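The values are calculated or read from the model by the stated rules, or taken from the named source; none is laboratory data. Since the structure is predicted, the reported quantities are computational estimates derived from the model, not experimental observations. Don't worry about glycine lacking a Cβ; one is built from the backbone with ideal geometry, like all the others, and counts go over all protein chains shown. Heads up: the accessible areas ignore ligands, DNA and RNA and are worked out on the full protein's heavy atoms, side chains in. Shrake-Rupley method; radii C 1.70, N 1.55, O 1.52, S 1.80 Å.
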Amino acid sequence: MFDKVLVANRGEIAVRVMRACEELGIDTVAVYSEADKDSGHVRYADEAYNVGPARAADSYLDHEAVIDTAKKADADAIHPGYGFLAENAEFAGKVEDTEGVEWIGPNADSMQQLGEKTHARKTMREADVPIVPGTTDPVEDPAEVEEFGDEHGYPIAIKAEGGGGGRGMKVVRSAEEAEDQLESAKREGEAYFDNDNVYLERYLENPRHIEVQIIADHHGNVRHLGERDCSLQRRHQKVIEEGPSPALTDELREQIAEAARRGADAAGYYNAGTFEFLVEEDEDRGDGELLGPDANFYFLEVNTRIQVEHTVTEELTDIDIVKSQIRVAADEELGFEQDEVELEGHAMEFRINAENAADDFAPATGGKLTTYDPPGGIGVRVDDALRQGDDLVTDYDSMIAKLIVHGADREECIARSKRALAEYDIEGIPTIVPFHRLMLGDEAFVAGTHTTKYLDHTLDPERIAEAQEKWGTETDSTASDDEEVVEREFTVEVNGKRFEVDLEERGAAAIPAGNAGGEGGQKPRPAGGDDSDDAGAGADGEGESVTAEMQGTILDVNVSEGDEVASGDVVCVLEAMKMENDVVTSRSGTVTQVAVGEGDSVDMGDVLVVIE
Ligand code: MV4
């Protein structure tokens, strides 16, 4: 097993991964950007390293910075979380090629091959996994699109070979649109993925989005952990995920999951992954009716990483997927058979995004968590990295936490979710908690008949506005600080290891600049002595008097009239800004006057002692 893992991510998923490490007895290394100095994942880690500026491309996405940090910290593996570098085959390959550092994920070759959608379609077709009717080779000519339309009818989806998620798909509704849409799909593919190859699929008008969790080891064991239903999406962003799907019979569920398992096996896949499917909805399906084994389901793509919503499956199976990822990456064998995987009850995940749902889900642009009091109790799990008092970091995505609720069945899960969301007390920033509460009372969602089109095309925005009005909290968008931040630099030694420490003191008054030219006087020195050779706080370089560098209280006077002092001697101790500062003279001579006594208050510039 690994001794130390570097987590190449931030926020809740970084903490989630570190928690798994903690339970496995593995030390954790965080990386952070300038924007994340005070973030939760940095607090949680055993060690933390700055990898660059706020801009992700210069920090979290900097391959060399991350790998160099792993080497420097002596980490023996890297876990990428989701997002950032998680699906970057080139980065995975670089980690694989780094002596002494393992990649916690699928091998770089499978990431590369499954990332190429035409290749993935071929692999799945060979493994008897149904793919959406269409092409597996790139199309170049609008005539090919029209031929496909003649044969299979419209609409047709033109997809980028390098695409995925919400990007690089164009819909062709008639032969007239073929040329323009083909051109536009190729342009997008080139711009987003550096690859202008596109392929065709029959476009399903109103599908459900079902995904199957896979975990596989290096010993040929491939298991599926059941499915999740992610049909509630807004502009390709999932907002609520649940499992099992409320729309499938057990028979269809088993067919889809088994297809995914077969596909993973055929692709030689290992570690965690998700197989995405579209399931054709039956337009006439009423409440209480389910999609059975006759329904069409089609493979869409593989996500070669842990996903945000992996927690839903963890609640259903009682399997810690992140721990499993780490174990299989360390060559351990999966400790359970397929028939030992049992799904219990029902689970839902609510993404807690710092967005105003009533304002077209606009992300918050700042703010402070003046109140942060998450729910608890039976069946409630909160994955986050926040504490009350934290400033919102707006440089990355807007998801600040996840609420995951488990119940004996969907009905209990919904009731429990309503309860938990009502308990969730967040003030200072907007969140989509009110939107979630709306959904839990929404007819289509509660009946489980919503599809991927529901939020974008059916739900009345007026109802979102009402929910926000009813359940939204005051936000403090002006929050961010005009408070003073006093920065100091120290070198400290901990257990024989040297660290440069940047200390940021918040809420304190700024340190006055001190005597002009008194270079050494700028830094208050902690009591206990400082034997550096700088000029000394309070000593007036030219003159005869030692003056106060800052406003404060005299704690102790160390000299009396007539005393001989040498440069560097402490003449008194001044307490300022909750610190004891030794006031040192830079002159040698005789003390001719002591102007202060213990307990006196002094202002900056006041004479303390005079030396001749
Ligand atoms: C489709 C589709 C219908 N038919 N493919 C959107 C993201 C991309 N990765 C795949 N997507 C879709 N592909 C065919 N042949 C509908 C979607 C789609 C969708 C899929 C999953 C979840 C939400 C979605 C929302 C809109 C469209």
May I ask you to list the residues in region 267-311 that are outside any strand (DSSP E or B), within 16 Å of the ligand (Cβ to nearest atom) and among the hydrophobic types (A, V, I, L, M, F, W, C)? ALA295, VAL308
Give region 189-221 a look and list any residue that's open to solvent by less than 10 Å² (accessible area, probe 1.4 Å) and away from the ligand (no atom under 12 Å from the Cβ), or say none. GLY189, VAL198, VAL212, GLN213, ILE214, ILE215, ALA216, ASP217
Given (1) assigned to a strand (DSSP E or B); (2) closer than 27 Å to VAL446 by Cβ, number of the condition GLU344 does not satisfy: (1)
All-but-one check, GLY243 against (1) within 16 Å of the ligand (Cβ to nearest atom); (2) open to solvent by 50 Å² or more (accessible area, probe 1.4 Å), failing number (2)
Of those in region 122-160 that are more than 11 Å from the ligand (Cβ to nearest atom) and open to solvent by less than 10 Å² (accessible area, probe 1.4 Å), the residue farthest from ALA89 (Cα to Cα) is GLY149
Quick check, is ALA509 at pLDDT below 90 and either among the acidic types (Asp, Glu) or in contact with a helix residue (DSSP H, G or I) (Cβ under 9 Å, 6 or more places away or on another chain) (or both)? no
Out of (1) under 28 Å from CYS230 (Cα atoms); (2) without any contact (Cβ under 8 Å) to a residue 60 or more places away in the chain; (3) open to solvent by 50 Å² or more (accessible area, probe 1.4 Å), what's the single condition that is false for GLY165? (2)
For region 222-239 the number of residues that are more than 16 Å from the ligand (Cβ to nearest atom) and among the hydrophobic types (A, V, I, L, M, F, W, C) is 2
Of all residues in region 168-188 being open to solvent by less than 80 Å² (accessible area, probe 1.4 Å) and not in a helix (DSSP H, G or I), which is nearest to the ligand (Cβ to nearest atom)? MET169
